[in-house]
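Working notes, beginning with the structure itself.
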Amino acid sequence: QVQLVESGGGLVQAGGSLRLSCAASGIIQNTYAMAWFRQAPGEEREFVTAMTRSDARTYYADSVKGRFTISRDSAGSVYLQMNSLKPEDTAVYYCATGYGSRISTNWASYDYWGQGTQVTVVS
């Protein structure tokens with residue numbers, strides 16, 4: 001059973017930075033990609049970024065390109081470095097993984113989710 005645990009959220013001023021972590025355990029080597037999504041109150045869960053497990057290809061939503069960076073370590077954990085944060089980045093951030101054969105921006109394509117971590121950006 002795959003387990004994902006996020007950490008690193010918090011309150012930050014606009015223009016600041018945060019680094020989120022997602023500790024992964026279980027049979028993660030069979031999953032295709034790790035992804036970050038976010039969900040603001042009253043909004044749909046939104047794709048942020050993803051990285052393929054085999055060759056570390058990355059994909060970013062246009063709204064975060066150039067500001068956010070996904071990375072991973074040898075243990076299979078993933079990180080989300082968020083710079084130049086804006087109030088519209090405020091959301092609960094989730095990491096996810098799945099057995100699909102391609103990167104998807106659709107949250108329904110992912111099989112495992114963490115519990116989420118709150119990021120609040122104030123102006």
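Within the bounds of the range 62-83, is there any residue that is farther than 22 Å from Gln1 by Cβ and among the acidic types (Asp, Glu)? So that I can check it myself, show each step before the final result.
Filtering the range 62-83 for residues farther than 22 Å from Gln1 by Cβ gives 62-71, 79-83.
Filter once more, keeping what is among the acidic types (Asp, Glu): 62.
Yes: one or more hits.
Given the structure, is Gln1 of a type in the set (S, T, N, Q), open to solvent by 70 Å² or more (accessible area, probe 1.4 Å) and touching a Phe, Trp or Tyr at 6+ places or on another chain (Cβ under 9 Å)? Full working, then the answer.
Details: of a type in the set (S, T, N, Q): yes; open to solvent by 70 Å² or more (accessible area, probe 1.4 Å): yes; touching a Phe, Trp or Tyr at 6+ places or on another chain (Cβ under 9 Å): yes.
When the stated conditions are applied, Gln1 passes them.
Could you tell me whether the range 89-100 includes any residue that is closer than 20 Å to Gly9 by Cα, without any contact (Cβ under 8 Å) to a residue 24 or more places away in the chain and more than 11 Å from the chain's Cα centre (by Cα)?
First, pick out the residues of the range 89-100 that are closer than 20 Å to Gly9 by Cα: 89-97.
Then keep just the ones that are without any contact (Cβ under 8 Å) to a residue 24 or more places away in the chain; that gives none.
Within the range 89-100, none of the residues are closer than 20 Å to Gly9 by Cα, without any contact (Cβ under 8 Å) to a residue 24 or more places away in the chain and more than 11 Å from the chain's Cα centre (by Cα).
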Original post:
Out of (1) within 20 Å of Ser7 (Cα to Cα); (2) open to solvent by less than 40 Å² (accessible area, probe 1.4 Å); (3) modelled with pLDDT under 95, what's the single condition that is false for Gly26?
Top reply: (2)
**OP:** May I ask you to list pairs of residues, at least six apart or on different chains, whose Cβ atoms are under 8 Å apart, with the first in the range 26-46 being among the hydrophobic types (A, V, I, L, M, F, W, C) and the second being in a strand (DSSP E or B) and open to solvent by 60 Å² or more (accessible area, probe 1.4 Å)?
**Re:** Met34/Arg72; Phe37/Glu46; Ala40/Glu46
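Could you identify the single residue in Ser63, Ser74, Ser104 that is part of a loop (DSSP other than H, G, I, E, B) and surrounded by fewer than 14 Cβ atoms within 10 Å (Cβ to Cβ)?
Checking each option against the conditions leaves just Ser74.
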**OP:** Take the residues in the range 77-101 that are part of a loop (DSSP other than H, G, I, E, B) and of a type outside the set (S, T, N, Q), then tell me which one is most open to solvent (accessible area, probe 1.4 Å).
**Re:** Tyr99
Original post:
What residue, of Ser21, Ser7, is within 15 Å of the chain's Cα centre (by Cα) and open to solvent by 40 Å² or more (accessible area, probe 1.4 Å)?
Top reply: Ser7
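The values are calculated or read from the model by the stated rules, or taken from the named source; none is laboratory data. Remember, predicted model here, so these are calculated numbers, not experimental data. Reconstructed Cβ throughout: ideal geometry from the backbone, glycine too, with neighbour counts over all protein chains shown. Accessible surface is based on the protein model in full, side chains and every heavy atom, while ligands, DNA and RNA are left aside. Shrake-Rupley method; radii C 1.70, N 1.55, O 1.52, S 1.80 Å.
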